[in-house]
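As structure tokens, the structure follows; a few thoughts come after it.
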Amino acid sequence: MIKCAIFDLDGVLTNTTDEHFGAWCHLFEKHFNIQLDKQLEIKTKGVSRRDSIEVLLDYYGLHISEEYKQNLMDEKNRNYRDLINHIDESKLMDGVLDLLVYLKKNKIKIALGSASRNGETILDRLKIRDYFDYIVDPSLVKGKPNPDIFLAARDFFNLSSQECIGFEDAVSGVKAIKAANMYAVGVGEENLEEADVQVVSLVEFNRELREKIFE
Ligand code: BG6
Ligand code: MG
């Protein structure tokens, strides 16, 4: 029986993928006069800030000092935070609120399992922070596709993997859920073939599917 639902943030609860990639684009244009290849967006989706910068530097064969790298990551985060400054509950993705209400009503624990260090701020802005029983601190665990973010939520509630379900929109995230031995719900239109079930949006995660999985 499922006792805990672990949600990724970007692409599942809200969508700030454009803002993340926009912040990287701005940074690379300013510092290296490079216009990032659009296909890099998918490669940085769901992965940590550090892993993202490594992917980008590697792609362009750039070698820089650790100090410069750290400064760039800080600057990217400032760019990103400027871009998300305005967001509010209108940025909630369809079906999210309804599902959170359903989970609360059925006493299923709710956790945030995001790679983002801005997760709590975004939940506050979306006005859904109070639904969450636990927010995994991604700075303490290995990033996706490692299972650690999902395992941290499971362990916090003292549950088994079979009692947890994960929601993810990125390939790296679905891999992380499966590596944690949990049931994976893929969300969105990307090809998430490793997911146990995939819905285009959480609206599709309807009564029939909920009853099948939770009851
Ligand atoms: C994920 C995004 O939610 O968070 C990634 O999909 C991002 O693109 C990662 O790199 C880390 O985010 P932050 O906010 O800690 O830079
Ligand atoms: Mg995501």
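Given the criteria assigned to a helix (DSSP H, G or I) and either among the aromatic types (Phe, Trp, Tyr) or over 16 Å from Lys109 (Cα atoms) (or both), does Phe150 qualify? It is true that Phe150 is assigned to a helix (DSSP H, G or I) and either among the aromatic types (Phe, Trp, Tyr) or over 16 Å from Lys109 (Cα atoms) (or both).
Report, ordered by the first and then the second residue, all pairs with beta carbons closer than 6 Å, sequence separation of six or more or different chains, a first member in the stretch 78-90 that is farther than 17 Å from Phe21 by Cβ, and a second member that is surrounded by fewer than 10 Cβ atoms within 10 Å (Cβ to Cβ) and of a type in the set (A, V, I, L, M, F, W, C). That search, which allows pairs on different chains as well, returns nothing.
Checking the stretch 54-74 against the condition returns no match, with no residue being touching a residue at least 60 places away in the same chain (Cβ under 8 Å) and surrounded by 14 or more Cβ atoms within 10 Å (Cβ to Cβ).
Residues in the stretch 100-121 that are in a helix (DSSP H, G or I), surrounded by fewer than 21 Cβ atoms within 10 Å (Cβ to Cβ) and within 16 Å of ligand 1 (Cβ to nearest atom): 2 in all.
Evaluation of Ile6 against the conditions (1) more than 15 Å from ligand 2 (Cβ to nearest atom); (2) of a type in the set (Val, Ile, Thr); (3) crowded, with 17+ Cβ neighbours inside 10 Å shows that the sole unmet condition is (1). Taking the listed residues Asn85, Asn71, Asn77, the one that is within 15 Å of ligand 1 (Cβ to nearest atom) and under 17 Å from the mean Cα position of the chain (by Cα) is Asn77, with no other qualifying.
How many of the residues in the stretch 99-135 are basic (Lys, Arg), more than 18 Å from Cys164 (Cβ to Cβ) and in contact (Cβ under 8 Å) with a residue 60 or more places away in the chain?
We begin by selecting, within the stretch 99-135, every residue basic (Lys, Arg); these are 104-105, 107, 109, 117, 125, 127, 129.
Subsequent filtering for residues that are more than 18 Å from Cys164 (Cβ to Cβ) retains 105, 117, 125, 127, 129.
Filter once more, so that each one left must be in contact (Cβ under 8 Å) with a residue 60 or more places away in the chain: 117.
Total satisfying the criteria: 1.
Counting only residues that are near ligand 1 (Cβ under 10 Å from one of its atoms) and part of a loop (DSSP other than H, G, I, E, B), which one in the stretch 14-64 is nearest to Gly173 (Cα to Cα)? My answer is Gly46.
Read the figures in this text as sums done on the coordinates, not as results from a lab. Because the structure is a prediction, the values reported are computed rather than measured. Cβ sites come from the backbone with ideal geometry, for glycine too, and all protein chains shown count toward neighbours.
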